[in-house]
Amino acid sequence: MLNSDPSLYFYRMTVSFSDPRIAVAAAADIAAIKHLLNNTYRGEASRRGWTTEADLIEGDTRADEPMLQEVMDKPGSVMLKYADDAGHIIGCVNLQQHGSRIYLGMFSVSPELQGGGIGKQLLKASEEYALDQHCSSIYMRVISVRTELINWYKRHGYADTGLRDPFEEDGVTGKHLQKLEFMILEKALK
């Protein structure tokens, strides 16, 4: 069952975003989100886009269904989905509230559609959600060698905090082909 807190469930059912293609995902969307995340970041399919991690992490798994269910069940966590006109999920982002800040993760756009503005719309929806939750900033972890991606986030107002986190292998999401760490980026909201 998704978040058992009834007030959060009510909120999830009533939130709206400036882009009508964006909505809060439900448990029924987990398989499609798993497929999207895996194709965006891992394996040969991910090479069609510019966000691939295939040269950094081997394997085809970025997320599995139990991992996604666990993320969606966390208190204060929502998964936003971006659906095309046919209802296919072509973008997603997970937002988790930690006090007055929102953690942004699992940000993904279908590789063949990257560069078309979907990511910008998901970032905007993330900010709308954070402001609605009375949060003052959004932060994220990005693999520090992903220079092109980091620069994209910086162009959208995110800054390097100077903090780094280790990126440990977990036995699910692939073997690292080099030592990796996360850079923490953050954007203050107005």
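The values are calculated or read from the model by the stated rules, or taken from the named source; none is laboratory data. Keep in mind that this is a model prediction, so the values were computed, not measured. Heads up, the Cβs are rebuilt from the backbone with ideal geometry, glycines too, and the neighbour counts pull from every protein chain shown. Surface accessibility is based on the protein's heavy atoms, side chains included, excluding ligands, DNA and RNA. Shrake-Rupley method; radii C 1.70, N 1.55, O 1.52, S 1.80 Å.
Which ones in region 78-134 are among the charged types (D, E, K, R), under 18 Å from Phe17 (Cα atoms) and touching a helix residue (DSSP H, G or I) at 6+ places or on another chain (Cβ under 7 Å)?
Selection gives Lys81 alone.
Residues checked against (1) at pLDDT below 90; (2) open to solvent by 80 Å² or more (accessible area, probe 1.4 Å):
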site: Pro6; (1), (2): yes, yes
site: Asp19; (1), (2): no, no
site: Ala23; (1), (2): no, no
site: Glu44; (1), (2): no, yes
site: Gly49; (1), (2): no, no
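Could you tell me which of the residues Asp170, Asp160, Asp165 is free of Cβ contacts under 8 Å to residues at least 24 places away in the same chain and not in a helix (DSSP H, G or I)?
Every option except Asp170 fails the conditions.
Among the candidates Leu131, Leu163, single out the residue that is out of contact with any Phe, Trp or Tyr (no Cβ under 7 Å at 6 or more places or on another chain), modelled with pLDDT of 95 or more, of a type in the set (A, V, I, L, M) and farther than 23 Å from Ala54 by Cα.
Being out of contact with any Phe, Trp or Tyr (no Cβ under 7 Å at 6 or more places or on another chain), modelled with pLDDT of 95 or more, of a type in the set (A, V, I, L, M) and farther than 23 Å from Ala54 by Cα holds for just one of Leu131, Leu163, which is Leu163.
Determine whether region 86-99 contains at least one residue that is closer than 26 Å to Leu185 by Cβ and surrounded by fewer than 15 Cβ atoms within 10 Å (Cβ to Cβ).
So far as region 86-99 goes, yes, one or more of its residues are closer than 26 Å to Leu185 by Cβ and surrounded by fewer than 15 Cβ atoms within 10 Å (Cβ to Cβ).
Mind checking which pairs have a first residue in region 140-151 that is farther than 25 Å from Gln97 by Cα and a second that is in a helix (DSSP H, G or I) and open to solvent by less than 20 Å² (accessible area, probe 1.4 Å), Cβ under 6 Å, 6 or more apart or different chains?
none
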